[in-house]
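Report on the following structure.
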Amino acid sequence: MFMGNIFKFLAGKLGKKSEVEIHSQPSLLETVDKSSHKITEKTDMIDASMLHDILHNFVSNTANVQGAALVSPDGLALASVLPIEMDEDRTAAMSAAMLSLGERIGNELARGNITRIVVEGEKGYGIMVGCGPEAVLLILSSPEVKQGLLFLEIKRIVAQIAPIVAES
């Protein structure tokens with residue numbers, strides 16, 4: 001959602017006499033009510049542009065990787081660098097559904113915690129890994145990818161992303 005729309009939405013929820021201001025610190029959100037009440041709320045927000053940059057660098061600099069998306073467990077896209085023909089919202093929703101189903105299968109088959117879900121197709125792989133309890137990383141690769149190298153690179157990017165997501 002566009003940031004301006006979010007602020008309009010927040011202002012509407014707070015009443016007509018309220019306005020939302022952003023201060024120089026990105027994690028500080030202050031709401032001022034013109035009827036002399038002042039409410040200050042601090043919220044830590046995920047830096048979406050930083051996540052997008054990390055994903056873009058990963059896709060651009062890793063051989064045979066075609067796309068990547070970071071999604072919430074409930075199916076909302078946090079950041080993505082996907083092929084143009086792929087819909088971000090649909091991909092995020094399917095990733096969350098795949099994660100949920102994979103976890104249930106892992107439990108039913110007594111395999112313990114799922115560390116990775118791999119879907120192999122004639123056009124390549126879809127690999128999902130957790131980035132902490134708040135996010136799941138989906139990587140799309142071509143069939144020519146060296147899986148061992150890809151899994152190593154995935155561990156590295158997860159190590160970059162997990163602390164950013166955990167801060168929120």
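The values are calculated or read from the model by the stated rules, or taken from the named source; none is laboratory data. Source: prediction; values computed, not measured. All Cβ positions, glycine included, derive from the backbone under ideal geometry; neighbour counts span all protein chains shown.
Which one is nearest to residue 120 (Cα to Cα), of the residues in segment 130-152 that are in contact with a strand residue (DSSP E or B) (Cβ under 7 Å, 6 or more places away or on another chain) and either outside the structural domain of residue 94 (by TED's automatic domain parsing) or part of a loop (DSSP other than H, G, I, E, B) (or both)? Of everything passing the filter in segment 130-152, 143 is nearest to residue 120 (Cα to Cα). Within segment 115-129, restricting attention to residues that are out of contact with any strand residue (DSSP E or B) (no Cβ under 8 Å at 6 or more places or on another chain) and part of a loop (DSSP other than H, G, I, E, B), the residue that is farthest from residue 91 (Cα to Cα) is 122.
All of 24, 72 fail the test of being out of contact with any Cys (no Cβ under 6 Å at 6 or more places or on another chain) and at pLDDT 50 or above, apart from 72. Taken together, the residues in segment 47-106 that are in contact (Cβ under 8 Å) with a residue 60 or more places away in the chain and of a type in the set (Gly, Ala, Ser) amount to 5.
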